[in-house]
1. Taking into account only those residues within the stretch 368-396 that are outside any helix (DSSP H, G or I) and among the small types (Gly, Ala, Ser), which is farthest from the ligand (Cβ to nearest atom)?
2. Out of Phe353, Phe364, which single residue is buried (at least 18 other Cβ atoms within 10 Å of the Cβ) and either in contact with a His (Cβ under 6 Å, 6 or more places away or on another chain) or farther than 16 Å from Ile121 by Cα (or both)?
3. State all residues of the stretch 227-250 that are farther than 16 Å from Thr194 by Cα and within 16 Å of the ligand (Cβ to nearest atom); if no residue qualifies, say none.
4. When you scan the stretch 59-81, how many residues do you find that are assigned to a helix (DSSP H, G or I), surrounded by fewer than 22 Cβ atoms within 10 Å (Cβ to Cβ) and more than 14 Å from the ligand (Cβ to nearest atom)?
5. In the set Asn54, Asn84, which member is modelled with pLDDT of 95 or more, surrounded by fewer than 22 Cβ atoms within 10 Å (Cβ to Cβ) and either over 23 Å from Met327 (Cα atoms) or polar (S, T, N, Q) (or both)?
6. How many residues does the stretch 113-129 contain that are among the hydrophobic types (A, V, I, L, M, F, W, C), in a helix (DSSP H, G or I) and surrounded by fewer than 17 Cβ atoms within 10 Å (Cβ to Cβ)?
7. List the residue pairs whose Cβ atoms are under 9 Å apart, where the first residue sits in the stretch 277-301 and is outside the structural domain of Ala201 (by TED's automatic domain parsing) and without any contact (Cβ under 8 Å) to a residue 40 or more places away in the chain, the second is surrounded by fewer than 21 Cβ atoms within 10 Å (Cβ to Cβ) and assigned to a loop (DSSP other than H, G, I, E, B), and the two are 6 or more positions apart or on different chains.
8. Would you mind telling me which numbered condition in (1) away from the ligand (no atom under 16 Å from the Cβ); (2) in contact (Cβ under 8 Å) with a residue 60 or more places away in the chain; (3) more than 23 Å from Lys127 (Cβ to Cβ) Gly340 fails?
Amino acid sequence: MIAQLRGFIVVLVLSTVWPISAISAPSQDVEVLHWWTSGSEAKAVQVIKQMMENQGVHWQDFAVPGGAGESAMTVLKSRAISGNPPAAAQIKGPALQEWASLGFLTNLDGVAKAQLWDQRIPALINKDMKYHGHYVAVPVNIHRINWLWINSAIFAKAHAEIPKTWEQFFTVAEKIKQAGYPVLAQGNQDWQTTTVFESIALSQLGAKGYRQAFIEHLPQVLTSPAMVHSFALLQKMRPYIVHPENHQSWNRATAEVIHNQAAMQIIGDWANGEFLLAHEKMGKDIRCVPVPGTAHQFIYSVDSFAMFQLSEPNDIKAQQRLAHTIMSPELQARFNKIKGSIPVRSDIKLTGFDACSLKSERAFKRSLKTHSAVPSVAHGMATTSYVQGAILDVVTNFFNTPDASPKEASEKLMRAILAAS
Ligand code: BGC
């Protein structure tokens with residue numbers, strides 16, 4: 001994904017036509033690119049915006065709609081190529097290293113030291129925020145991906161039990177369908193399909209096998225019977241999806257669960273934000289349970305903001321203030337309570353958080369102890385953007401070909417990953 005950009009940067013640096021630093025306005029403004037545009041996401045953004053404005057820094061909103069940030073990343077690249085990146089951008093996982101290696105990002109060590117980030121952020125997360133030992137981004141939250149969201153009313157009417165295994169999941173899905181209720185909410189977008197697939201893969205491979213497949217890229221694991229079975233389970237889900245062809249957004253799919261138009265959805269807990277916004281009683285009206293076979297594991301997606309190099313001292317101050325605000329206890333609590341995620345700082349008490357966030361926090365802490373927290377592939381936490389793109393392609397093509405062979409898909413996955421890595 002960044003290959004094209006890398007080529008361009010070489011030309012840019014050699015010709016020294018444009019400076020890498022951004023062209024900035026004289027006032028205390030901070031322009032922030034993000035992709036948080038659903039109802040709950042936008043409400044959570046308001047918290048950061050308001051806290052910045054209270055400090056006299058104008059938040060210039062640069063929101064690019066599109067779940068998981070695919071469109072936002074495209075827009076960011078074109079802004080960066082034209083020598084005019086925003087002050088800050090939502091960039092996650094290994095992509096931070098790609099941007100830092102191109103010389104775009106600024107050093108946040110001063111703020112990090114003052115706020116003791118090294119001590120307050122789990123090491124697992126901290127490592128992605130640093131480039132050659134220096135902070136280049138500030139994390140804001142931890143989302144859990146391997147959730148199954150349940151509409152309790154439909155389950156009650158269909159006399160369905162909460163599934164703990166895949167066998168139970170398909171029995172329940174069939175029961176709900178036979179009772180005349182729509183079963184599974186899902187938008188047919190590559191990242192949404194891969195979000196489901198990675199949870200299934202984790203249930204089949206375990207945390208160790210998941211890492212061997214998606215981080216170490218071991219061919220024998222990528223084509224293992226467990227991986228083949230993961231594709232088979234994904235395929236088996238398709239007939240239960242309410243609109244399998246529909247490229248609807250994730251929050252439209254979540255709205256189906258809210259409005260009794262679907263009994264279940266498999267997606268990260270940004271969906272929790274939408275449920276909370278709709279005043280659902282979490283743990284009662286809507287239940288959150290781990291995806292079958294993943295109760296002891298935690299797939300994480302951490303949202304973080306990278307800061308771009310700027311030249312105006314005022315802009316730099318505003319940027320440092322943003323980093324400081326994001327990591328403040330007040331923002332960590334207020335933002336995450338709306339977003340459905342948990343604070344990235346381990347010293348924040350979850351007072352007033354909903355039942356599903358509390359469950360997430362417990363699961364995260366447990367998974368750290370048992371070495372079973374793994375990074376999300378679909379959300380850019382596990383691998384480079386090139387390999388991520390290759391995985392999204394294989395999974396989506398497979399899903400959109402209902403009679404495709406799971407075994408062939410696993411071989412394609414292995415070849416695609418090896419070619420991209
Ligand atoms: C991000 C979430 C966001 C979701 C849907 C994920 O990649 O981590 O913050 O709500 O995408 O856009």
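The values are calculated or read from the model by the stated rules, or taken from the named source; none is laboratory data. Note that the structure is a prediction, hence the values are computed from the model and not measured. Cβ placement follows ideal geometry from the backbone for every residue including glycine, while neighbour counts extend to all protein chains displayed.
1. So, considering only residues that are outside any helix (DSSP H, G or I) and among the small types (Gly, Ala, Ser), the one farthest from the ligand (Cβ to nearest atom) is Ser372.
2. Of Phe353, Phe364, the one residue that is buried (at least 18 other Cβ atoms within 10 Å of the Cβ) and either in contact with a His (Cβ under 6 Å, 6 or more places away or on another chain) or farther than 16 Å from Ile121 by Cα (or both) is Phe353.
3. Once the filter is applied, which keeps residues that are farther than 16 Å from Thr194 by Cα and within 16 Å of the ligand (Cβ to nearest atom), the stretch 227-250 yields nothing.
4. Residues in the stretch 59-81 being assigned to a helix (DSSP H, G or I), surrounded by fewer than 22 Cβ atoms within 10 Å (Cβ to Cβ) and more than 14 Å from the ligand (Cβ to nearest atom): 6 in total.
5. Being modelled with pLDDT of 95 or more, surrounded by fewer than 22 Cβ atoms within 10 Å (Cβ to Cβ) and either over 23 Å from Met327 (Cα atoms) or polar (S, T, N, Q) (or both) holds for just one of Asn54, Asn84, which is Asn54.
6. Looking only at that region, the number is 2.
7. Matching pairs, first to second residue: none at all.
8. The one condition Gly340 does not meet is (1).
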